[in-house]
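Enquirer: The following block contains the structure, expressed as structure tokens.
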Amino acid sequence: MNNHVQPPVQIAENIWQFNEANENGPYVDAYLIVGTERALLVDALQTVTGLYEEIQKITQKPLTVFITHGHLDHAGMAVEELHQAGVPIYMSHLDYPLLKEMMDYGHGPDWFLDLTPGMVFDLGGFRFETIGLDGHSQGSMAVLDKERQLLFSGDGIGSGMIWMQLPVCSPLAKLKESLEVLVQQTRQCPQLLVFPGHRNQSPVQLNSQYVEDVLFITQGLLDGSLKGQAASMPWHGGEMKFHRIAHGLMRDFCYDPERLYEE
């Protein structure tokens, strides 16, 4: 089976989108942003290889990798080739145990430089600052370019749907704290474009209203003004029960009603 990544699609000036499909079609995305001095790869897909090779066809400027969180569909097999090429790879060390548990393909913690809020990636013409999004995972991170009004968010605020029902997710109260910071930052960006980890999950381009919608749901679930409907899905040979709710551009907010606050 040919597991080489498909060539990317250019979605804006100096921005390319890589996608890895599964049996259901388009699945997970990675993004390449090329500045005048450097390039930044946001996430590394799951099982495909050849990502570094395809990037080299677009640019040979110094490359940095930003892993939004430690789930295997965002920090997959291409991490090894990027590491072997000497590319610096950033991921919150809070998520390293999660990645190691989900898929151990030989990487060590020293492969990843720690990501913390407030770090700056200046590419020349693009200037991204990191924002912590504790929720979907403890170490979830996003990067925001305020001047260009671009947000690359992984799964931190979902992609038109969000999974907050997994055992590895933080309580909703933690997500609310992160979202309040994110909303404060993005309110300075009225023309914000959000590029999430699974872009095909939303039928529309996500924007600043979507960020507000995620906070609205989270706040409502915490203060009791909103309540979702019970749902379940097959999960690892069993059944996972959770609740779900929708509002605005958020089509499916999945959460565990027993984990709203810290225990």
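Enquirer: Order the following by accessible area, largest value first: GLU129, GLU53, GLU20, GLU101. Probe radius 1.4 Å; ligands, DNA and RNA are ignored.
Expert: Reading off the accessible areas and sorting them downward yields GLU101, GLU53, GLU129, GLU20.
Enquirer: How long is region 99-176 along each principal axis, judged by its Cα atoms, biggest number first, in Å?
Expert: 38, 31, 19
Enquirer: Determine the relative contact order of the chain: mean sequence separation of Cα pairs under 8 Å and six or more apart, normalised by residue count, in whole percent. Mind dumping the intermediate values first?
Expert: Details: 581 pairs, mean separation 34.6, N = 263.
Reported as a whole number, the value is 13 percent.
Enquirer: Taking 0.36 nm per intervening residue step and subtracting the Cα-Cα distance, what contour gain separates LYS100 from ASN200 on full extension? Working shown, then result.
Expert: Details: separation 100, 0.36 × 100 = 36.00 nm, distance 2.70 nm.
Contour length minus the Cα-Cα distance gives 33.3 nm.
Enquirer: Could you please state, rounded to a whole Å, how far the C-alpha centre of region 98-146 is from the C-alpha centre of region 170-213?
Expert: Region 98-146 and region 170-213 have Cα centres separated by 17 Å.
Enquirer: Out of all DSSP beta bridges in region 31-145, what portion is antiparallel? Express it as a percent rounded to 5. Spell out each step's value before the answer.
Expert: Numbers: 11 of 19 bridges.
Roughly 60 percent of the DSSP beta bridges within region 31-145 come out antiparallel.
Enquirer: What value in Å³ per residue do you get for the convex hull of the alpha-carbon atoms in the chain?
Expert: So the per-residue hull volume is 130 Å³.
Enquirer: List the pair-distance distribution P(r) of region 41-193, using every Cα-Cα distance, as the percent of pairs falling in each 5 Å bin from 0 up to the bin containing the longest distance, rounded to whole percents.
Expert: All Cα pairs, binned at 5 Å, distribute as 2, 9, 19, 22, 21, 15, 9, 3, 0 percent.
Enquirer: Oh, and also: Magnitude of the Cβ-charge dipole of the chain, K/R +1 and D/E -1, about the Cα centre, nearest 20 debye? Provide the component values of the computation, followed by the final result.
Expert: On the way: 16 positive and 33 negative charges, 119 e Å.
Roughly 580 debye for the chain.
Enquirer: Connecting C-alpha atoms closer than 10 Å in a GNM of the chain, tell me which of PHE195, PHE128, PHE216 has the biggest fluctuation.
Expert: Residue with maximal mean-square fluctuation among PHE195, PHE128, PHE216: PHE216.
Enquirer: Under a 1.4 Å probe, what is the accessible area of the chain per residue, stated in Å²?
Expert: Numbers: 11790 Å² over 263 residues.
Computed with neighbouring chains in place, this is 45 Å² per residue.
Enquirer: Continuing with the same structure: Hey, rough spin-label estimate for GLU180 and ASN3, points 7 angstrom out along Cα→Cβ, what's it come to in nanometres?
Expert: 4.4
Enquirer: Right, here's the next one. With a 1.4 Å probe and all protein chains left in place, how much of the accessible area of the chain comes from carbon and sulfur atoms, in whole percent? The partial results should precede the final answer.
Expert: Details: 5800 of 11790 Å².
Here it works out to 49 percent.
Enquirer: Can you sort TYR96, TYR52 by 1.4 Å-probe accessible area, starting with the largest?
Expert: Working: TYR96 35, TYR52 60 Å².
Reading off the accessible areas and sorting them downward yields TYR52, TYR96.
Enquirer: On a 1.4 Å probe surface of the protein chains, which of VAL9, VAL34 comes out largest in accessible area, and what is the full order? Could the numbers behind the result be given before it?
Expert: Working: VAL9 90, VAL34 15 Å².
Sorted by accessible area, descending: VAL9, VAL34.
Enquirer: Right, another one. How much accessible surface does LYS174 have with a 1.4 Å probe, in Å² rounded to 10?
Expert: 60
Enquirer: Using 0.36 nm per residue, how much length does the chain from GLU262 to VAL168 gain when fully extended, once their Cα-Cα distance is taken away? All intermediate terms of the calculation are to be shown ahead of the outcome.
Expert: Values: separation 94, 0.36 × 94 = 33.84 nm, distance 1.32 nm.
Fully extending the segment from GLU262 to VAL168 adds 32.5 nm.
Enquirer: For the chain, take the longest principal axis of its alpha carbons; what is the angle in degrees between that and the long axis of helix 208-223, to the nearest 10 within 0 to 90?
Expert: 40
Enquirer: Let me ask something else. Where in region 33-61 does the amide nitrogen come within less than 15 Å of the point 7 Å from the Cα of ASP122, taken along Cα to Cβ?
Expert: Only 35-39 pass the distance filter.
Enquirer: Taking the Cα centre of region 68-159 as origin, work out the dipole magnitude from +1 charges on Lys and Arg Cβ and -1 charges on Asp and Glu Cβ, in debye rounded to 20. Provide the component values of the computation, followed by the final result.
Expert: On the way: 4 positive and 14 negative charges, 53 e Å.
That gives a dipole near 260 debye.
Enquirer: Could you tell me the accessible area of VAL204 in Å² (1.4 Å probe, neighbours in place), rounded to the nearest ten?
Expert: 70
Enquirer: While we're here: What distance in nm separates the simple spin-label points at GLU13 and TRP235, each placed 7 Å from Cα in the Cβ direction?
Expert: Going from the GLU13 label point to the TRP235 one covers 4.5 nm.
Enquirer: Rounded to the nearest 5, what % of DSSP beta bridges with both residues in the chain are antiparallel?
Expert: Details: 37 of 54 bridges.
Restricted to the chain, the bridges split so that about 70 percent are antiparallel.
The values are calculated or read from the model by the stated rules, or taken from the named source; none is laboratory data. What you see is a predicted model, and the numbers here were worked out from it, not measured in a lab. Note: ideal-geometry Cβ built from the backbone for every residue, glycine included; neighbour counts use all protein chains shown. The protein model used for the area step is the full one, side chains on, heavy atoms only, and it has no ligands, DNA or RNA in it. Shrake-Rupley method; radii C 1.70, N 1.55, O 1.52, S 1.80 Å.
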